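Asker: Before I ask anything, let me first share the structure, which is written out below as structure tokens.
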């Protein structure tokens with residue numbers, strides 16, 4: 001073969017190699033840059049101990065990848081350290097963006113909102129039916145639960161602050177309960193320290209009990225301090241609180257949704273129509289505003305209030321005024 005033919009052959013081979021290299025590079029770039037999920041966002045759960053190889057198999061099962069040579073090369077070149085957890089992958093994410101999330105441990109956060117006025121039983125029910133949480137508290141009674149939270153002998157009702165709490169899938173329910181308990185202890189301590197010295201309460205626990213009643217009596221933020229003032233004056237005068245929510249709480253499963261006169265006359269520890277003073281425990285989970293209202297009631301002379309039927313209340317100084325308000329807003333509505 002003469003030199004001219006040899007040179008031509010070498011040129012052809014070099015051009016073929018160059019073309020192959022360009023094709024391989026473009027193919028590689030498509031592999032790296034093309035979206036894994038072009039049609040929608042996805043949730044990806046990476047189990048503890050997962051490897052890059054198991055990730056490939058998982059993506060293949062989900063229809064997001066094929067186990068081609070690209071993955072093997074990428075794994076050898078990058079050796080990504082994958083962190084376990086649940087990940088939210090936005091639509092159009094490519095391989096690099098996915099692995100950046102997995103290596104950073106940018107796991108998806110969920111939220112659970114504890115609503116003001118819930119009972120502890122309601123909170124525990126909501127936690128127990130959340131499939132994203134590991135269940136540790138479900139089989140504990142209230143006494144065991146409080147002991148696990150470092151408050152042995154404490155009543156459990158009311159001890160968890162209503163707020164929104166964030167968590168990741170696989171977290172246990174005790175973690176949320178512990179956060180809510182610590183938050184309540186902090187808010188209660190702050191309110192007790194800053195309370196009106198004239199408030200007729202002897203302990204932070206009594207403050208919590210009163211706050212829970214206020215929480216159940218009104219959902220109007222502007223009325224909480226007024227309601228607190230009514231109850232504070234009644235306690236100072238030795239009057240019974242006579243508040244329906246305490247009666248309902250004591251009835252528990254016997255309450256069918258309609259409060260009757262017989263209920264008001266049936267004595268139990270939470271019946272503030274038959275007993276003086278505060279009930280023995282809170283009747284709900286009070287929020288921050290209700291606690292602050294109980295600690296610093298609004299000044300005034302009202303001793304009574306009745307619902308107007310629109311979420312607000314009519315406050316009265318005398319029993320005569322109160323009866324007139326009842327006739328107007330309750331009996332008149334019937």
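The values are calculated or read from the model by the stated rules, or taken from the named source; none is laboratory data. For clarity, every value in this text was computed on a predicted model and none was experimentally measured. Neighbour counts run over all protein chains shown; Cβ positions are idealised from the backbone, glycine included.
Asker: Given the structure, is residue 161 under 16 Å from residue 45 (Cα atoms), under 13 Å from the mean Cα position of the chain (by Cα), crowded, with 17+ Cβ neighbours inside 10 Å and not assigned by TED's automatic domain parsing to the domain that holds residue 60?
Answerer: Working: under 16 Å from residue 45 (Cα atoms): no; under 13 Å from the mean Cα position of the chain (by Cα): yes; crowded, with 17+ Cβ neighbours inside 10 Å: yes; not assigned by TED's automatic domain parsing to the domain that holds residue 60: yes.
The answer is no for residue 161.
Asker: Examine the stretch 264-281 for a residue that is in contact with a strand residue (DSSP E or B) (Cβ under 9 Å, 6 or more places away or on another chain) and either within 24 Å of residue 225 (Cβ to Cβ) or at pLDDT 90 or above (or both), and state whether such a residue exists.
Answerer: No, because not a single residue in the stretch 264-281 is in contact with a strand residue (DSSP E or B) (Cβ under 9 Å, 6 or more places away or on another chain) and either within 24 Å of residue 225 (Cβ to Cβ) or at pLDDT 90 or above (or both).
Asker: Suppose we filter the stretch 291-310 for residues that are surrounded by fewer than 19 Cβ atoms within 10 Å (Cβ to Cβ), within 30 Å of residue 186 (Cα to Cα) and under 30 Å from the mean Cα position of the chain (by Cα); how many remain?
Answerer: 1
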